[in-house]
Amino acid sequence: MKQDNSVHKEFCKTVQFPIWTIAIPISLYILIIIFTNVINRYQININIGNVNIHYMSVSGMLTQLQMFILIVLIIFYRKKGIYTVFTLCSVHSVTLVFPMIFAHAYSSIAGLAAMITSIVVTLLIYLYLNKLDCNQNTIAEFALTDTLTGLPNRRSFNDCLFGLISEQNNEPCKFALVMIDIDDFKNINDSVGHDSGDELLCQVAERWKVVQNKNDFIARLGGDEFTIIIENYGSDNELKQNILKYSNVLSDRFIVKDNYFYVSASFGVALFPEHSKDSSEILRFADAAMYYAKNISGMDISVYDPSMTETIESNVNLEQKIRTALEENKLYFALQPQYDTKAKKLRGFEALARMKDEYGNQISPALFIPVAEKTGLITGVDNWVIRNSMLFFKKKLIRAYDNILLSVNISVLHLLNKGFLDEILQILDETGFPPDNLEIEITESVFISSISKAVDILKELKKLGIRIALDDFGTGYSSLSYLTKLPIDILKIDKSFIDELLVSDSGRNYVAAIISIGHIMNFSVLSEGVEVQEQIDILTSLGSDYIQGYVWGKPMPPAEALKLVRLIEKSQLLQADAIGFSAGSN
């Protein structure tokens with residue numbers, strides 16, 4: 001890469017003079033040879049004040065000066081310098097040898113010995129300097145290159161960024177700074193280990209190198225954070241298409257140690273000089289855009305806009321509220337009933353996380369759950385809801401109604417955490433909750449994580465007697481091939497498809513197909529978001545096993561759920577008494 005090479009040269013550069021200046025030491029060397037020969041031939045002594053310097057001493061000093069010039073050639077001209085040294089010494093040696101051969105004058109033997117010494121000394125110096133250069137290149141490689149991926153590192157990136165901005169003073173230029181973060185990478189590290197995570201990062205880097213343009217500078221800043229500097233792009237659309245290459249190349253699955261991963265990334269873009277001419281500021285803007293893409297917009301690529309700052313601050317504030325709620329035990333849960341359409345009875349309840357702000361105003365789950373997932377706080381939220389809903393069920397419901405189910409949501413991040421199974425076992429032990437009455441809901445996002453790891457964990461849960469439900473089926477990565485691998489008990493059809501039942505035939509056919517597929521694969525099917533009686537009638541006719549929605553019960557406080565159970569029990573007893581009375585009369 002052009003920028004990387006320039007940074008590397010800047011780091012490794014030694015003082016070397018322009019090649020044309022080599023004529024100066026060559027000229028001096030030749031003049032000294034001539035001057036030395038004249039002094040020796042005419043035995044010219046030099047008087048400095050009252051000091052008389054013998055011509056042999058003068059000749060010796062000039063010989064040392066010759067060696068000094070040869071060393072200068074080696075130090076400041078390197079390879080060209082060594083060629084020049086060999087040439088000068090060869091020519092000089094010939095002038096010394098000729099008199100010995102043709103005139104039998106052996107007075108130049110000392111000079112020839114000195115010349116051979118000069119050649120050996122300068123060669124040794126050249127070899128030593130060459131080794132130093134190689135070592136310096138190696139040091140520069142470590143200093144400027146990420147040792148894991150082979151990409152330029154943060155220092156190299158900073159040098160490149162500062163260099164581009166400083167060039168702006170000489171001639172106008174523009175570039176896009178793209179900050180990249182691999183989505184849910186912590187999830188991968190936690191589930192399969194850091195070695196596999198490192199291997200995945202290497203594969204990501206290799207894919208990006210394949211699609212890299214000559215004007216693109218890619219660097220790894222650390223962890224799962226990367227950056228791309230795109231110089232001299234054309235239109236905004238061209239820039240977007242260029243960035244899309246880096247996004248799209250991640251779509252094919254990654255294979256690491258027999259584990260399959262589907263990886264995506266969030267890209268934040270800031271433009272120079274449009275958004276800022278300051279290196280720190282443009283870096284901050286690109287990072288803000290990346291955070292916006294990752295945590296708020298749901299899009300892969302976001303270009304910086306000043307309004308993002310306010311949104312990000314709002315999310316950070318919400319994150320702090322979640323942390324406070326967890327620390328001060330201010331979360332609560334609601335229970336939404338689920339009904340058996342065939343047995344016409346209550347199946348159980350789904351426990352749903354809820355939260356209020358410091359003023360007692362309820363915060364929508366649609367706001368705080370995504371923030372909790374992005375920040376990793378969802379694990380704490382999951383555990384709080386599981387533990388407290390289990391305690392309530394064990395104390396208030398299961399003692400009297402032993403067949404009632406508690407369904408809880410588990411994020412994929414939490415599920416694939418190494419300590420997840422131990423956490424579930426600990427909570428079951430602390431609460432005394434029977435595993436047969438527990439159902440864990442996961443979402444289709446498990447397909448884009450480590451499917452093999454997820455299957456192993458789900459199988460362990462099944463061994464405990466816990467049921468598994470696949471939530472929001474049809475809205476994500478719905479792969480039948482993967483669906484067959486998951487040890488699940490129930491499919492939950494997302495509300496968005498239930499809403500289409502009364503709108504079009506295609507909507508009804510789609511739901512019918514999901515129910516049919518579920519039954520073929522020996523799964524039960526639960527329909528979510530049922531709001532009117534007409535939907536119930538259609539779903540019952542299509543064979544949906546269970547119903548959940550406002551038509552039969554909104555999410556309610558635990559106390560209201562307990563009242564509902566008692567009311568249903570009382571109604572069933574009255575019906576049973578009526579049937580018994582009718583039979584007795586007959």
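The values are calculated or read from the model by the stated rules, or taken from the named source; none is laboratory data. As the structure is a computational prediction, the values presented were derived from the model and not from experiment. In this analysis, Cβ positions are derived from the backbone assuming ideal geometry, glycine residues included, and neighbour counts consider all displayed protein chains. Ligands, DNA and RNA are excluded from the accessible area calculation, which covers all protein heavy atoms including side chains. Shrake-Rupley method; radii C 1.70, N 1.55, O 1.52, S 1.80 Å.
Results, tabulated for the structure shown:
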| item | result |
| --- | --- |
| Selection from the range 405-436 of residues that are crowded, with 16+ Cβ neighbours inside 10 Å and in contact (Cβ under 8 Å) with a residue 60 or more places away in the chain | Leu405, Ser407, Asn409, Val412, Leu413, Leu416, Asn417 |
| Among residues of the range 513-545, those that are open to solvent by less than 40 Å² (accessible area, probe 1.4 Å) and of a type outside the set (Gly, Ala, Ser), counted | 12 |
| Residue satisfying all of: in the range 195-244; free of Cβ contacts under 8 Å to residues at least 24 places away in the same chain and in a loop (DSSP other than H, G, I, E, B); most open to solvent (accessible area, probe 1.4 Å) among these | Ser235 |
| Sole exception among (1) within 30 Å of Leu567 (Cα to Cα); (2) among the charged types (D, E, K, R); (3) outside the structural domain of Ser541 (by the TED database) for Glu350, by number | (3) |
| Selection from the range 86-105 of residues that are in contact (Cβ under 8 Å) with a residue 40 or more places away in the chain and either over 23 Å from Asn40 (Cα atoms) or open to solvent by 70 Å² or more (accessible area, probe 1.4 Å) (or both) | Thr95 |
| Meets criteria (in contact with a His (Cβ under 9 Å, 6 or more places away or on another chain) and open to solvent by 30 Å² or more (accessible area, probe 1.4 Å)) for Asn50 | no |
| Which numbered condition Asp258 misses (of (1) at positive phi; (2) open to solvent by less than 10 Å² (accessible area, probe 1.4 Å)) | (2) |
| Yes/no for Asp183 being out of contact with any Leu (no Cβ under 9 Å at 6 or more places or on another chain), closer than 19 Å to Arg253 by Cβ and either outside the structural domain of Lys453 (by the TED database) or open to solvent by 20 Å² or more (accessible area, probe 1.4 Å) (or both) | yes |
| Within the range 284-299, considering residues that are crowded, with 19+ Cβ neighbours inside 10 Å and touching a helix residue (DSSP H, G or I) at 6+ places or on another chain (Cβ under 9 Å), the one modelled with the lowest pLDDT | Asn295 |
| Hey, Ile386 crowded, with 20+ Cβ neighbours inside 10 Å and touching a strand residue (DSSP E or B) at 6+ places or on another chain (Cβ under 7 Å) or not | yes |
| Every residue from the range 136-186 that is at positive phi and modelled with pLDDT of 85 or more | Gly150 |
| Flag for Val455 being at pLDDT below 90 and either assigned to a helix (DSSP H, G or I) or not charged (D, E, K, R) (or both) | yes |
| Within the range 321-360, tally of residues that are among the aliphatic types (A, V, I, L, M) and under 32 Å from the mean Cα position of the chain (by Cα) | 7 |
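Every residue, every condition in (1) touching a strand residue (DSSP E or B) at 6+ places or on another chain (Cβ under 9 Å); (2) modelled with pLDDT under 90, yes or no:
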position: Phe473; (1), (2): yes, yes
position: Ser496; (1), (2): yes, yes
position: Asn509; (1), (2): no, no
position: Ala512; (1), (2): no, no
position: His519; (1), (2): yes, no
